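Let me begin by presenting the structure, written as structure tokens, before commenting on it.
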Amino acid sequence: MFAKVAVCFACVAVLAVQAQYYSAAYPAAYSAAYPAAAVYQPVVASNPSYAYKYGVADPSTGDYKSAEESLSNGVVQGQYSLAEPDGTVRTVSYTADDVNGFVAQVSKAGKVAAAAPAPVYSAPAPVYSAPAPVYAPSVYRPAAVYAPAPAVYRPATLYHVAATAAPVSYPFAAYKRQVSTK
């Protein structure tokens with residue numbers, strides 16, 4: 001019996017020692033890292049320029065306006081105009097540069113159109129006329145008197161219910177007790 005126990009302990013010791021042994025790592029299955037992305041600096045024009053122009057003429061809504069702007073040699077020049085509600089045309093011409101900043105000139109052209117006066121409200125004529133009052137003598141009628149109905153004596157119905165006896169309760173020990181006959 002001792003031999004069997006000794007062999008079992010020897011097997012456990014050998015397995016415990018082998019569990020700490022690690023084999024060599026497998027070669028990596030992935031490729032090398034990607035190269036860093038090239039950083040590109042944006043190309044800024046040394047003397048940028050642009051120009052645009054647009055206009056709106058909508059007779060159904062009364063929307064009339066136009067605008068134009070241009071940039072050349074670092075100076076922005078432009079103007080916009082719009083139709084005012086009073087009938088005049090307002091025009092704003094502006095220039096912006098690094099030396100003078102933003103400079104605007106406002107002008108108005110055209111005459112102020114006098115607005116038509118608003119119609120005066122007048123209440124409409126009544127559609128019907130009130131009926132003429134009729135004064136007639138009223139007929140005398142005595143007020144109705146309502147008396148409560150007389151109370152009628154009626155004896156209450158008497159019901160008899162047979163009383164039942166409550167069930168008898170026996171303690172646990174009373175009906176489980178063994179009676180000896182000696």
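In the chain, helices alone account for a calculated mean residue ellipticity at 222 nm of -4000 deg cm²/dmol, with every DSSP H run of four or more residues adding -39,500 (n - 2.57). In the range 1-151, Cα pairs under 8 Å separated by at least six residues give a relative contact order of 10 percent.
Computed from the Cβ-Cβ distance with R0 of 35 Å, the FRET efficiency linking residue 6 to residue 28 stands at 0.15. For the range 47-99, dividing the convex hull volume of the Cα atoms by the residue count gives 68 Å³ per residue.
Around residue 55, with a cut-off of 10 angstrom between Cβ atoms, what is the net charge of the other residues, counting Lys and Arg +1 and Asp and Glu -1?
Here the count lands on +1.
Quick note: the coordinates plus some simple rules give every number you see, no bench work behind them. Model, not experiment: these values are computed from the prediction. Methodologically, a virtual Cβ is constructed for each residue, glycine included, from the backbone with ideal geometry; neighbour enumeration extends over all protein chains shown.
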